[in-house]
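**Student:** Can you keep this structure in mind? I'll have questions shortly.
FYI, it's all coordinate maths here, none of it is from the lab. These numbers come from a predicted model, not from an experiment. Cβ sites come from the backbone with ideal geometry, for glycine too, and all protein chains shown count toward neighbours.
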Amino acid sequence: MLRSGQQRSAQQRAGLPGWAFAPAALGAAFVVLPLVAVVVKVDWAAFPALVTSDASLAALRLSLVTASCSTAVCLLLGVPLALVLARCSFPGLRLLRSLVLVPLVLPPVVGGIALLYTFGRQGLLGSSLEVLGLRIAFSTAAVVIAQAFVAMPFLVLSLEGALRGRGTRYEQVAATLGASPSIVLRRVTLPLVLPGLASGTVLAFARSLGEFGATLTFAGSLQGVTRTLPLEVYLQRESDARGAVALSLVLVVVAVVVIVVTRGRRTEGV
């Protein structure tokens, strides 16, 4: 078995030209070295105190709460949206799909400005909400909205891909047996695409946790109200470099965990 494994590995290597390994190594180093630099730069003796300060804990607590809420919003709105994009056909579908995925490539600051002119006091909807006594901009709700705005496309993209990959054969069989659309969705469709849904959910949570630009523009930076962990890192970068590095490591660890979980889910779904 060892010899066959070595032969298989040699065959796989033979499929690539030798020159590809050098730039591949440089590409890996280009991504990995900055992460290693963060780990090296951490003041490990002061690390517990730095990440457990009042400001750091408040930012971490707010980040976890708002990221959880925004992930729930993504599930509530993104799952039906992905189902429509994957299972329906109507004029303008391609345009709708393109617009839904725009936040993936839109600079977060631009997204924050768009949200501000939508939900701000003088915004498209904000002026009407103001009459009702609802002020969204520069509040904790604004943080959740900003995070959901940039994170939802990750869930939609992941789930739509899983839905298209599975096809509709099992749903059609269930429908011919008399199952209602709701039962088909709950008993057949969602269980089949559960790995894709789980991956999209984890990615949405991670994107929400790391959101910076849209949050700063739309929600500001008020300690305990809108100052999430990425904003705290940005502020401590000027006043306390050690604290900024320590909190950066926390975010890096979270990102690594998310990638490991997501990759594991995708492997199970293959």
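**Student:** Go ahead and set up a Gaussian network model of the chain, Cα springs under 10 Å, then flag whichever of Phe47, Phe212, Phe90 fluctuates most.
**Tutor:** It is Phe90.
**Student:** Give me the tail of P(r) for the range 84-145 as a percent: Cα-Cα pairs with distance above 17 Å.
**Tutor:** 54 percent
**Student:** Given Cα pairs under 8 Å that are at least 6 residues apart, what percent is the relative contact order of the range 181-270?
**Tutor:** Value for the range 181-270: 38 percent.
**Student:** Can you sort Asp43, Asp54, Asp240 so the residue with the fewest Cβ neighbours within 10 Å comes first?
**Tutor:** Asp54, Asp43, Asp240
**Student:** Separate question: Normalise the Cα radius of gyration of the range 1-150 by 2.2 N^0.38 Å (N = residues in it) and let me know the number.
**Tutor:** Taking N as the residue count of the range 1-150, the ratio is 1.62.
**Student:** Further, regarding this structure: Contact order normalised by length for the chain, with contacts defined as Cα pairs under 8 Å and 6 or more residues apart; what percent is it?
**Tutor:** Relative CO of the chain lands at 28 percent.
**Student:** Which value, in nm² and rounded to one decimal, describes the direction-averaged projected area of the C-alpha convex hull of the range 88-196?
**Tutor:** Result: a mean projected hull area of 9.5 nm².
**Student:** Identify, among Leu96, Ala142, Val40, the residue whose Cα sits farthest towards the positive end of the charge dipole of the chain, taking +1 on the Cβ of Lys and Arg and -1 on the Cβ of Asp and Glu, with the dipole about the Cα centre.
**Tutor:** Of the candidates, Leu96 comes out farthest on the positive side.
**Student:** I've got another one for you. Over the range 35-165, what is the relative contact order in percent, taking alpha-carbon pairs closer than 8 angstrom and at least six residues apart?
**Tutor:** It rounds to 36 percent for the range 35-165.
**Student:** How do the peptides 151-160, 58-67 rank, highest first, by the average count of neighbouring beta carbon atoms within 10 Å per residue?
**Tutor:** Packing proxy ranking, top to bottom: 151-160, 58-67.
**Student:** How big is the range 171-233 by Rg and Dmax over its Cα atoms, in Å?
**Tutor:** Final numbers for Rg and Dmax: 19.7, 56 Å.
**Student:** Per residue and in cubic angstrom, what volume does the convex hull of the Cα atoms of the range 54-123 have?
**Tutor:** With only Cα atoms used, the range 54-123 gives 131 Å³ per residue.
**Student:** Order of Val257, Val202 from fewest to most other C-beta atoms within 10 Å?
**Tutor:** The most exposed by this proxy come first: Val257, Val202.
**Student:** Separation of the range 40-77 and the range 142-157 by C-alpha centroid, Å?
**Tutor:** That distance is 18 Å.
**Student:** Let me ask you something else. With a 10 Å radius around each residue's Cβ, average the other Cβ atoms per peptide and rank 106-113, 138-145, highest first.
**Tutor:** 138-145, 106-113
**Student:** Quick check on the chain: what does the Kirkwood estimate of hydrodynamic radius come out to from the alpha carbon pairs, in Å?
**Tutor:** That comes to 21.4 Å for the chain.
**Student:** I would also like to ask the following. Hey, could you pull the Cα Rg and Dmax for the range 151-270, both in Å?
**Tutor:** Final numbers for Rg and Dmax: 19.7, 66 Å.
**Student:** Which helices count as membrane-span-like in the chain under these terms: full DSSP H, at least 20 Å along the axis by C-alpha, Kyte-Doolittle mean of 1.6 or more?
**Tutor:** 21-41
**Student:** Using the number of other C-beta atoms within 10 angstrom as an exposure proxy, rank Glu171, Glu211, Glu232 with the fewest first.
**Tutor:** Placing the least packed residue first, the sequence is Glu171, Glu232, Glu211.
**Student:** List the equivalent ellipsoid semi-axes of the range 33-93 in whole Å, largest first, each obtained as the square root of 5λ for an eigenvalue λ of the Cα gyration tensor.
**Tutor:** Here the semi-axes work out to 42, 18, 6 Å.
**Student:** Ignoring everything except DSSP H segments at least 4 long, calculate the 222 nm mean residue ellipticity for the chain; use -39,500 (n - 2.57) per segment, divide by total residues, nearest 500.
**Tutor:** -24500 deg cm²/dmol
**Student:** Would you mind checking the radius of gyration and Dmax of the range 137-182 based on alpha-carbon positions, in Å?
**Tutor:** My reading of the Cα-based Rg and Dmax gives 17.4, 52 Å.
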